[in-house]
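What follows is a single structure, written as structure tokens, with notes after it.
The values are calculated or read from the model by the stated rules, or taken from the named source; none is laboratory data. Predicted model only: the values in this text are computed from it and were never measured. Note that each Cβ is placed from the backbone with ideal geometry, even for glycine, and that neighbours are counted across all protein chains shown.
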Amino acid sequence: MKSSKSVAAILICALAGIALAQPPEVTRIRGDIVALDGDTLTVHRRSGDTVKVHLAPAGPVSAVRKLALSDIKSGEFIGTAARSDAKGNLVAQEVVVFPESARGTGEGHYAWDLGPHSSMTNANVDAIVEGASGRDLHLSYKGGTKTVTVPENTPIVTFIPAARADLVAGRKVFVAATSNDAGEFSAQRVVVEKDGVVPPM
């Protein structure tokens, strides 16, 4: 009996350790910058509410620049939010071409929140095929493959450097943030509108 209790205790501790090791859930904040006051960024979200986000002193701030569909090449690592059409095919809502230094970022296929039936696929471009509705990207990631159709009018961007000076009231912003038990947000990444190019993710 004592042995069984010991095994049970070990299992409980192990499961607790796994739970503690889980990364914090990320909240994606999309909207317009209201103000930047010190390390606090105030954002009016698309949902209509206004939230405050704490920025770490050395937290990453970036922007995006436009690319053309023809700029996507085989062998590149991309992220694409897509919706499923009536036949279950993935149709891109946006594509981000990652710099080579960011290869592997968020790799995989998972649910996204850029609208109903939206998903995100971060993967390697294995092949590009001309299709009737645009270009079909054949993608592979650890554990799977997907094909995503990219229509001609799809926003396609890549990351460029930005700074806190670019966090100006009125500009569009995308923030990946975590929150604590009090509901306070802390930014993990900030992507801000620059030169008129809005973060599409």
Handout entry: Members of segment 172-185 that are of a type outside the set (S, T, N, Q) and surrounded by 14 or more Cβ atoms within 10 Å (Cβ to Cβ)
Key = Lys172, Val173, Phe174, Val175, Ala176, Ala177, Phe185
Practice task
Among the residues of segment 115-149, write down those that are buried (at least 17 other Cβ atoms within 10 Å of the Cβ) and of a type in the set (A, V, I, L, M).
Solution key: Met120, Ala123, Val125, Ile128, Leu137, Leu139, Val148
Fill in the blank from the handout: Listed by first then second residue, the pairs whose first member lies in segment 96-110 and is at positive phi, whose partner is outside any helix (DSSP H, G or I) and of a type in the set (Ser, Thr, Tyr), with beta carbons under 8 Å and at least 6 positions apart or on separate chains, are Gly108/Thr121; Gly108/Tyr141
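Sort through Glu107, Glu94, Glu152 and tell me the only one that's touching a Gly at 6+ places or on another chain (Cβ under 8 Å) and charged (D, E, K, R). Quick ask: steps written out before the conclusion?
Numbers: Glu107 fails: touching a Gly at 6+ places or on another chain (Cβ under 8 Å); Glu94 fails: touching a Gly at 6+ places or on another chain (Cβ under 8 Å).
Answer to the check: Glu152.
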Handout entry: Subset tally (residues that are assigned to a loop (DSSP other than H, G, I, E, B), in contact with a Leu (Cβ under 7 Å, 6 or more places away or on another chain) and either of a type in the set (Phe, Trp, Tyr) or modelled with pLDDT under 95 (or both)) for segment 125-170
Key = 1
Exercise for the section: Name the residue, out of Ala162, Ala169, that is buried (at least 16 other Cβ atoms within 10 Å of the Cβ) and of a type outside the set (Ser, Thr, Tyr). Expected result: Ala162
Handout entry: Output for segment 186-201, where each listed residue is part of a strand (DSSP E or B), surrounded by fewer than 19 Cβ atoms within 10 Å (Cβ to Cβ) and in contact with a Lys or Arg (Cβ under 8 Å, 6 or more places away or on another chain)
Key = Val197
